[in-house]
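**Q** Would you mind keeping the following structure in view while I ask a few things?
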Amino acid sequence: MGIKQSCSFTPCVLADLSLLFCILLAPVCLATPATSPAALLQVKSGLTDPEGVLSGWSLEADVCSWHGITCLPGEVGIVTGLNLSGYGLSGMIPPAISGLISIESIDLSSNSLTGPIPPELGVLENLRTLLLFSNSLTGTIPSELGLLKNLKVLRIGDNRLHGEVPPHLGNCSELVTLGLAYCQLNGTIPPELGRLKQLQKLALDNNTLTGGIPEQLAGCVSLRFLSVADNMLQGNIPSFIGSFSDLQSLNLANNQFSGEIPAEIGSLSSLTYLNLLGNSLTGAIPAELNRLGQLQVLDLSMNNISGKVSISAAQLKNLKYLVLTGNLLDGAIPEDLCADDSSSLLENLFLAGNNLEGGIEALLSCAALQSIDVSNNSFTGVIPPGIDRLPGLVNLVLHNNSFTGGLQPQIGNLSNLEILSLFHNGLTGGIPQEIGRLQKLKLLFLYENQMSGTIPDELTNCTSLEEVDFFGNHFHGPIPERIGNLKNLAVLQLRQNDLSGPVPASLGECRSLQVLALADNRLTGALPETFGQLAELSVVTLYNNSLEGPLPESLFQLKNLTVINFSHNRFAGSLVPLLGSTSLAVLALTDNSFSGVIPAVVARSRNMVRLQLGGNRLTGAIPAELGNLTRLSMLDLSLNNLSGDIPAELSNCVELTHLKLDGNNLTGTVPAWLGSLRSLGELDLSWNALTGGIPLELGNCSGLLKLSLSDNHLTGSIPPEIGRLTSLNVLNLNKNSLTGAIPPALQQCNKLYELRLSENSLEGPIPPELGQLSELQVILDLSRNRLSGEIPASLGSLVKLERLNVSSNRLDGQIPSSLLQLTSLHRLNLSDNLLSGAVPAGLSSFPAASFVGNELCGAPLLPCGPRSPAGRLSGTEVVVIVAGIALVSAVVCVALLYTMLRVWSNWRAVSVSNSDGEESAHGGHGGGGGKWGDGKYWKVGSPVSWSAEQKHSSGSETASVLLHDKSTEAARAGKR
Amino acid sequence: MATRSMSPVAAGVWIAVLVAVVVASNEEGDALMALRHSVKDPDGVLASWDPSLVNPCTWLHVTCNDDNHVDRIELANMRLSGPLPPELGKLEQLQYMEMSANSLQGPIPSEFGKLKNLVSMDLYNNDLSGPLPTTLGNLKSLKVFRIDHNRLTGPIPRELSGLPDLATVDFSSNDFCGTIPTSGPFQNIPLTSFSNNPRLTQGPGGYDANC
């Protein structure tokens, strides 16, 4: 106690010994003990006191009787203690508190105080204890606190203090406890703290301190407790820590310390708690750690420590927790991990996430074990049948290893077991019925194994079960009928097994059920009415079963549903029972037989993200209310019987990534507002009855990957704006009535791997620019249009193309030899055009059907003979099949005979020829037409006659030759 | 203020257990999620990859076949960077791996040799390094194999000579060494497909000491 400060500002309060000192050393100070109440009332006036604990603070009562006030025993009015902890006080700490000059202890912790720590506290030189922790104080730590020479305990953590730790605290030489944790302090640990020789407890954890641990800290020779966890400290762990001979607890967790663990830590003979988790420590576990005979907790997890598990609980006789999770440890669990004499105290062993291998039999010596977590390693072998030598086991976590064999009946002896997690191993066999004895079992995770058999009825005796997950095994038979015994069950995951039979009615008794996943089984029958009792149910997935019938109306009572996936079943009837909840995020009912209209109430779930109703029998219009679902990302109403227009309100669904309305009877136009759906990745409106043009606004959907408008009645031309869809992978405009030219701008869609424009009335040339679509792979289909000109040689650049179909157009010229570069091509159709000349030899491996209906020759067609100068003679086709010749001759004979019998027969033959020409024109207008070999093949042959008419010079070609040609092909077509 | 309790330890167990419940659903989705986690995706093109979905078939840039197995990854020119995860080798029905023109780094994982149905592997214009795994000789369906403009090293595995349909190939602008294979499909592949590999030599040659 010492030198007076600041007494000139205010009349000092006289208190205990300081009164004497004040008189001796600071004559200006007045001896007025009565100022204590005044200062306290000033303090009171600055605070909000919701519980009224300060209501008794008034001058009418003795200050020493005030709530929270302690006075010097035997003296009058000399306040030494102020304790207002945990009263919900708010407001700022009034600087007037510095008037309590006699005060020794201030405790304002665990309130809601705000504002700064008043620097004036620095005058309270008698202060021994200052507790301000767990408030909302802001500002920096005032350096004036360094003036408090008598301070022993300073705890101001769990506030919003920022700035640096003031080096001045190093002057508080009496400090025993310094608590600055859980603030926002930054900067480095001041070396001056090393002057605190009395310091026993230093808590700096959960700040944002940087730098290393200063070597001066070695001066804190009395340290028993050191925590700097959860900062951003780096560098090596200093070896001088080994000199803190009284150290009991060392916590350096969650920093960026690197290097090896100093062996000197092994000297800390009093250490009971050592936590180095979450750093970047490397190297092996120092063997010296085995000297820490008092150690109870050792946590080295989440580092990069390698080598073997060199810890021996046989030496660390007090060790209860051993946590080595998340390192690079390898090898086996040491045989001597625990002594064989049942003396081990080891209760919790966490070795998860290393590269450990071998079996786990060594653990059976650790008789006190309560928790085993060896998950995410490479352990092999069986789960030891002797596991019941560990009767205290509560948690047995072995998942993500390669354990094999079955689950033994002895598991039923682990009567304390609460968590049994064995997923993702190679376990086989069934679940022993003894599992029913595990009355405390809460979590049973067997998923992703190869287990089989039926689910034993005894499982329903495990009435503590909260989560059951058998996903991805081969369990067969029914779901136990008494499953309803599991009243605490919150999660039942049986997906992807071979379960059959009905969903038991008793399931409705599992009133706590939140997640029910029975998908990917062979369940049959209808959902029981009792489902309506599962009031907590949030997620229910039943997809890929054979469940059927209408849904029980009671389902409408389930108000907490967020995810429903009933896809691929045989449910029928109305959707309404599924729409009781307004919290639906996912409603997936694809491929059932639901009927009726889409109820507008579905739009009450404003958080809906996915609405998938495709492949049902829904009728009526798309409800405009769906436009309220502004968070919708997937809307799939495809393959129903919906009619009417696409409602304009859907333009509000601006987050749509998938819009699939294909396979309905929708009418009206393709809406221009689709261009405002900037997140759209897939748009499928195909197989409807949409009319009008393709809106150029679609070009604004810059993220569009798939665009399908096929099988509609769309007219007009393809807008060049489609070329702005530079992300587009698939463009399908097949089977419309589109006219005009193929826009060369399509070349900008250079990520297209599939382009289909067939069965339209497109005309003009194939733009050579299409050759720049170098990613085209699945197909380029331009067939059944009115395209003319030559096949551009540039198409030879499409080296990934697997299918090319330009058949049934009016393409002429020769087949460009560049097509030989199409090394990926396995289907080619150039048939029914006006192509001429020789088939390039490299294409001869394609069948004749790829080329017929042209004026081509050469393999696989007949050779280009001397009478067949390139590009002239339609006779290439005439004599394709030798056997046809006989038939042709026969037809000629018949015709001649007919001529002799009927004088008007010649005139009639001309008439037939004319009608063929008209069919050809219709075919060219895109009115359909068959593939190779179907009954409409005749149209395909007709361009032959058209070309012949244009080539009068071929004098040898007579009407009869034309007739032969068609007869021949008719014969061939009939054979197909 | 208090000592750090055991809560991190306990939390470790619970996180491991609970996360597994949510995610463990389908292997192909997991494999693709491994890709998502492996690469940096500055443009968020993988944002639609939601692991909670039944399968990845509605994820953008992913296509499935009729059996709901992934048959195409279409991620060319997406500014992705980082390594290719070996988990992609689990996409057994993958036919098209289109990931050219990114900044993918590191080796081509040997697990890609399990992609038995792969028709096209386009990884050109990336930053891939390391040797070509010999397991690629198992890709019997492969037709298009373009890995030009990377930093790949080592010899061209002779196992590739056994790929019957290999036709469109570009190994140029890497750092391959040794000799260019001449048998099997390589009989028909032009030398330009191997250009700008200073340590790669033509002709039968012996074993290159530098390779």
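The values are calculated or read from the model by the stated rules, or taken from the named source; none is laboratory data. Predicted model only: the values in this text are computed from it and were never measured. Cβ atoms come from the backbone with ideal geometry, glycine included; neighbour counts cover every protein chain shown. What goes into the accessible areas is simple: the full protein's heavy atoms, side chains included, and nothing from ligands, DNA or RNA. Shrake-Rupley method; radii C 1.70, N 1.55, O 1.52, S 1.80 Å.
**Q** Based on this model, can you work out whether B:Gly113 counts as over 15 Å from B:Gly89 (Cα atoms), free of Cβ contacts under 8 Å to residues at least 60 places away in the same chain and open to solvent by less than 30 Å² (accessible area, probe 1.4 Å)?
**A** Numbers: over 15 Å from B:Gly89 (Cα atoms): no; free of Cβ contacts under 8 Å to residues at least 60 places away in the same chain: yes; open to solvent by less than 30 Å² (accessible area, probe 1.4 Å): yes.
For B:Gly113, the condition - over 15 Å from B:Gly89 (Cα atoms), free of Cβ contacts under 8 Å to residues at least 60 places away in the same chain and open to solvent by less than 30 Å² (accessible area, probe 1.4 Å) - is not met.
**Q** Going through the range A:667-688 one residue at a time, which ones are at pLDDT 95 or above and open to solvent by 30 Å² or more (accessible area, probe 1.4 Å)?
**A** Across the range A:667-688, the qualifying residues are A:Thr667, A:Thr669, A:Ala672, A:Trp673, A:Ser676, A:Glu682, A:Trp687.
**Q** Separate question: So B:Gly82 passes all but one of these: (1) in a loop (DSSP other than H, G, I, E, B); (2) touching a residue at least 24 places away in the same chain (Cβ under 8 Å); (3) in contact with a Leu (Cβ under 9 Å, 6 or more places away or on another chain); (4) open to solvent by less than 20 Å² (accessible area, probe 1.4 Å). Which condition number does it fail?
**A** Of the numbered conditions (1) in a loop (DSSP other than H, G, I, E, B); (2) touching a residue at least 24 places away in the same chain (Cβ under 8 Å); (3) in contact with a Leu (Cβ under 9 Å, 6 or more places away or on another chain); (4) open to solvent by less than 20 Å² (accessible area, probe 1.4 Å), the odd one out for B:Gly82 is (1).
**Q** Taking the range A:448-464 as the region of interest, how many residues are out of contact with any helix residue (DSSP H, G or I) (no Cβ under 8 Å at 6 or more places or on another chain) and either within 13 Å of A:Leu492 (Cα to Cα) or assigned to a loop (DSSP other than H, G, I, E, B) (or both)?
**A** Selection size over the range A:448-464: 6.
**Q** Next up: Restrict the check to the range B:122-142 and report whether at least one residue is touching a Leu at 6+ places or on another chain (Cβ under 7 Å), among the basic types (Lys, Arg) and crowded, with 23+ Cβ neighbours inside 10 Å.
**A** No - not one qualifying residue is present in the range B:122-142.
**Q** Okay, moving on. Please find, within the range A:540-560, the residue that is nearest to the other protein chains (Cβ to nearest Cβ) out of those that are over 30 Å from the mean Cα position of the chain (by Cα) and part of a loop (DSSP other than H, G, I, E, B).
**A** A:Leu551
**Q** In the range A:617-657, what count of residues is obtained for those that are over 19 Å from A:Ser583 (Cα atoms), open to solvent by 20 Å² or more (accessible area, probe 1.4 Å) and not hydrophobic (A, V, I, L, M, F, W, C)?
**A** Qualifying residue count, the range A:617-657: 11.
**Q** Does A:Leu422 fit the bill of being within 14 Å of chain B (Cβ to nearest Cβ) and either touching a residue at least 40 places away in the same chain (Cβ under 8 Å) or crowded, with 23+ Cβ neighbours inside 10 Å (or both)?
**A** Yes; evaluated as a whole, the condition is true for this residue.
**Q** If B:Glu74 passes every condition in (1) open to solvent by 30 Å² or more (accessible area, probe 1.4 Å); (2) touching a residue at least 24 places away in the same chain (Cβ under 8 Å); (3) among the charged types (D, E, K, R) but one, which one does it miss?
**A** Checking B:Glu74 against (1) open to solvent by 30 Å² or more (accessible area, probe 1.4 Å); (2) touching a residue at least 24 places away in the same chain (Cβ under 8 Å); (3) among the charged types (D, E, K, R), the one that fails is (1).
**Q** Restricting to the range A:148-179, and then to whatever is part of a loop (DSSP other than H, G, I, E, B) and within 14 Å of chain B (Cβ to nearest Cβ), can you tell me which residue is farthest from A:Thr129 (Cα to Cα)?
**A** Per the stated criteria, the residue is A:Leu161.
**Q** Does B:Ser172 satisfy the criteria of being in a loop (DSSP other than H, G, I, E, B), in contact with a Ser or Thr (Cβ under 7 Å, 6 or more places away or on another chain), of a type in the set (Ser, Thr, Tyr) and surrounded by fewer than 21 Cβ atoms within 10 Å (Cβ to Cβ)? Give the derivation first.
**A** Values: in a loop (DSSP other than H, G, I, E, B): yes; in contact with a Ser or Thr (Cβ under 7 Å, 6 or more places away or on another chain): yes; of a type in the set (Ser, Thr, Tyr): yes; surrounded by fewer than 21 Cβ atoms within 10 Å (Cβ to Cβ): yes.
Yes; evaluated as a whole, the condition is true for this residue.
**Q** Just a yes or no: is a residue in the range A:799-814 surrounded by fewer than 19 Cβ atoms within 10 Å (Cβ to Cβ), part of a strand (DSSP E or B) and either within 14 Å of chain B (Cβ to nearest Cβ) or of a type in the set (A, V, I, L, M, F, W, C) (or both)?
**A** Yes, the conditions are met somewhere in the range A:799-814.
**Q** Let me ask you something else. Being within 51 Å of the chain's Cα centre (by Cα) and β-branched (Val, Ile, Thr) is the filter here, so list the residues in the range A:103-130 that pass it. Full working, then the answer.
**A** Filtering the range A:103-130 down to residues within 51 Å of the chain's Cα centre (by Cα) leaves A:106-119, A:129-130.
If the condition is that a residue be within 51 Å of the chain's Cα centre (by Cα) and β-branched (Val, Ile, Thr), then A:Ile106, A:Thr114, A:Ile117, A:Thr129 are the ones that fit.
**Q** Please enumerate the residues belonging to the range A:250-294 that are at positive phi, away from every other protein chain (no Cβ under 14 Å) and not in a strand (DSSP E or B).
**A** Matches in the range A:250-294: A:Gly283 only.
**Q** Check every one of the strands (runs of 3 or more DSSP E) wholly within the range A:476-539 and list those with 2 or more residues that are not hydrophobic (A, V, I, L, M, F, W, C).
**A** A:498-501, A:522-525
**Q** Something else about it: As an exercise: evaluate B:His61 against (1) open to solvent by 10 Å² or more (accessible area, probe 1.4 Å); (2) touching a residue at least 24 places away in the same chain (Cβ under 8 Å); (3) not aliphatic (A, V, I, L, M) and give the number of the one condition it does not meet.
**A** Going through the list (1) open to solvent by 10 Å² or more (accessible area, probe 1.4 Å); (2) touching a residue at least 24 places away in the same chain (Cβ under 8 Å); (3) not aliphatic (A, V, I, L, M), B:His61 breaks only (2).
**Q** Going by the structure shown, is A:Arg756 among the charged types (D, E, K, R), away from chain B (no Cβ under 14 Å), crowded, with 18+ Cβ neighbours inside 10 Å and within 27 Å of B:Ala76 (Cβ to Cβ)?
**A** Details: among the charged types (D, E, K, R): yes; away from chain B (no Cβ under 14 Å): yes; crowded, with 18+ Cβ neighbours inside 10 Å: yes; within 27 Å of B:Ala76 (Cβ to Cβ): yes.
The answer is yes for A:Arg756.
**Q** Additional query: Mind listing whichever residues of the range A:347-393 are within 14 Å of chain B (Cβ to nearest Cβ) and either over 24 Å from A:Val297 (Cβ atoms) or out of contact with any helix residue (DSSP H, G or I) (no Cβ under 9 Å at 6 or more places or on another chain) (or both)?
**A** A:Glu347, A:Leu351, A:Asn354, A:Gln370, A:Asn377
**Q** Any idea which of A:Asn652, A:Asn688 is without any contact (Cβ under 8 Å) to a residue 40 or more places away in the chain and in contact with a Ser or Thr (Cβ under 7 Å, 6 or more places away or on another chain)?
**A** Selected residue: A:Asn652, the only one of A:Asn652, A:Asn688 that is without any contact (Cβ under 8 Å) to a residue 40 or more places away in the chain and in contact with a Ser or Thr (Cβ under 7 Å, 6 or more places away or on another chain).
**Q** Taking the range A:310-341, which residues are modelled with pLDDT of 95 or more, closer than 17 Å to A:Gly359 by Cβ and in contact with a Ser or Thr (Cβ under 8 Å, 6 or more places away or on another chain)?
**A** Matches in the range A:310-341: A:Leu329, A:Asp330.
**Q** Looking only at the range A:449-472, which residues are within 14 Å of chain B (Cβ to nearest Cβ) and either of a type in the set (Asp, Glu) or open to solvent by 50 Å² or more (accessible area, probe 1.4 Å) (or both)?
**A** Result: A:Glu466, A:Glu467, A:Asp469.
**Q** State all residues of the range A:435-447 that are open to solvent by 60 Å² or more (accessible area, probe 1.4 Å) and part of a loop (DSSP other than H, G, I, E, B); if no residue qualifies, say none. So that I can check it myself, show each step before the final result.
**A** Let us first name the residues in the range A:435-447 that are open to solvent by 60 Å² or more (accessible area, probe 1.4 Å), namely A:437, A:439-440, A:442.
Scanning the range A:435-447 gives A:Gln439, A:Lys440, A:Lys442.
**Q** Tell me which residues, restricted to the range A:180-216, are part of a loop (DSSP other than H, G, I, E, B), closer than 22 Å to A:Lys152 by Cα, open to solvent by 10 Å² or more (accessible area, probe 1.4 Å) and within 14 Å of another protein chain (Cβ to nearest Cβ).
**A** A:Tyr182, A:Cys183, A:Gln200
**Q** Pick out the one residue from B:Glu87, B:Glu74 that is within 11 Å of the chain's Cα centre (by Cα) and either aliphatic (A, V, I, L, M) or over 17 Å from B:Leu152 (Cα atoms) (or both). Quick ask: steps written out before the conclusion?
**A** Working: B:Glu74 fails: within 11 Å of the chain's Cα centre (by Cα).
None of the others qualify; the one that does is B:Glu87.
Per-residue answers, yes or no, for (1) open to solvent by less than 50 Å² (accessible area, probe 1.4 Å); (2) of a type in the set (S, T, N, Q):
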| site | (1), (2) |
| --- | --- |
| A:Gln408 | no, yes |
| A:Leu414 | yes, no |
| A:His474 | no, no |
| A:Asn497 | yes, yes |
| A:Ser512 | yes, yes |
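**Q** Moving on to the next point. Determine which member of the set A:Thr541, A:Thr530 is under 26 Å from B:Thr58 (Cβ atoms) and not basic (Lys, Arg).
**A** On the way: A:Thr530 fails: under 26 Å from B:Thr58 (Cβ atoms).
Selected residue: A:Thr541, the only one of A:Thr541, A:Thr530 that is under 26 Å from B:Thr58 (Cβ atoms) and not basic (Lys, Arg).
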